[in-house]
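One structure below.
Every read-out reported here was derived from the displayed coordinates using simple, explicitly stated rules and does not represent laboratory data. No experiment lies behind these values; they were computed from the predicted model shown. When we count neighbours, we look across all protein chains shown, and the Cβ atoms used for this are built from the backbone with ideal geometry, even at glycine.
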Amino acid sequence: MLDVLLLHDADTAGLAEALAAVLIDRGIATRAHHRFSPARVLVTCGDIASAVLLKAVAQGAAILPLSGTNGWLDLDDTEPDDLGERLVEAIEAVLRVGARGGLADDAEVERALVAVDIRLARMEDEPHLDRVCGVLALAIERGAPIYNVGAHEGCARLYLHTARALLERLEETLVGHDGPLLGAVADELAGAVATVEANPDDDPDTHAWTLRHCFDRILLARHTADAVHSLDTLFDDLRRAGRPLTASLAFDLLSLAVSHGAPIYNAGSHVGCAQIYLCCARGLLDALPPTVAPDEVRTHALLRESLPVLVDDADERLADDPTALAWDLRHAFDALVAVAAEERSWEHDS
């Protein structure tokens with residue numbers, strides 16, 4: 001199974017997100033992000049630091065520079081759909097030509113196991129949920145290179161060890177303010193471990209990906225919770241400060257929500273993206289003046305017109321079809337951003 005990271009700079013973020021959506025539609029597990037994380041294939045959009053590329057090579061990734069100084073394709077006149085098809089072909093070719101032979105030796109797997117155990121031993125030194133996510137991130141950081149050189153069994157062994165060890169530790173630490181969240185994490189881990197243990201005859205590749213997808217879901221859920229918390233805190237601060245909801249402020253808040261939600265959507269968590277957008281929509285509606293002014297700005301009018309219908313039944317839609325909810329909110333946000341951007345320029349000119 002392909003695991004593709006579209007690594008972008010500030011100028012190519014929009015391209016990377018559009019291209020990630022194309023690859024996801026073609027069944028390829030794809031993430032678009034401005035920070036490097038382990039992946040089987042690294043596609044670079046824009047100019048990426050050489051140190052990052054060297055780190056990716058050291059971890060066994062196949063690298064495909066899409067644009068920038070060493071890019072293989074001029075993107076100016078290329079549609080995302082056409083580029084997606086060409087990129088799929090290029091990725092497959094790179095993997096065929098550049099596949100590394102052999103397996104990671106047992107010592108490499110053992111070193112990874114020891115690193116995870118050391119991190120687990122220090123869990124009590126930091127907030128519980130932060131430490132759990134740190135252990136999972138470390139397991140992926142050490143396991144992905146092992147998988148990428150063909151040692152699927154070693155990677156699966158590392159991931160299964162990590163999941164079991166975390167479950168054992170979570171039984172001891174399901175207390176305090178993180179208790180409910182840790183309970184949900186434990187349930188997710190237990191489900192993945194049970195799936196692997198119930199299917200011992202499955203190939204190691206299947207086991208590795210069952211556990212990796214579980215880890216990714218937990219990390220994405222944490223990123224979602226952090227984004228929602230930051231938006232809630234921001235809206236609370238604005239209310240306490242008595243700051244009115246201007247077109248400029250609406251523009252900034254909508255843009256912030258999209259900057260949080262779009263990468264989470266592209267990473268596969270449609271429900272997480274919808275939760276972030278929904279948090280922003282509710283915060284904006286709460287920030288509106290309670291009565292309609294005769295000279296109400298268009299941004300306020302469009303907020304009143306477009307968002308309540310999406311927010312009213314959001315909880316039910318979040319459970320039934322989070323993908324559709326995320327896109328409905330995103331389309332509404334895009335329309336609001338266009339209007340707010342126009343009115344924002346008037347505010348700055350006046």
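Here are some notes:
- Shown for Glu108, Glu168: other C-beta atoms within 10 Å of each C-beta, ranked fewest to most, produce the order Glu168, Glu108.
- Per-residue Cβ neighbour rank within 10 angstrom, fewest leading, Thr195, Thr210, Thr291, Thr299: Thr291, Thr195, Thr210, Thr299
- Lys, Arg +1 and Asp, Glu -1 on Cβ, resulting dipole of the range 244-349 about Cα centre, debye, nearest 20: 240 debye
- Normalising the average separation of contacting C-alpha pairs (under 8 angstrom, six or more residues apart) by the number of residues puts the relative contact order of the range 178-282 at 28 percent.
- Amide hydrogen proximity for Arg31: with H placed 1.01 Å from N in the peptide plane, the residues at 5 or more positions away or on another chain lying under 5 Å are Val4, Leu5, Leu6.
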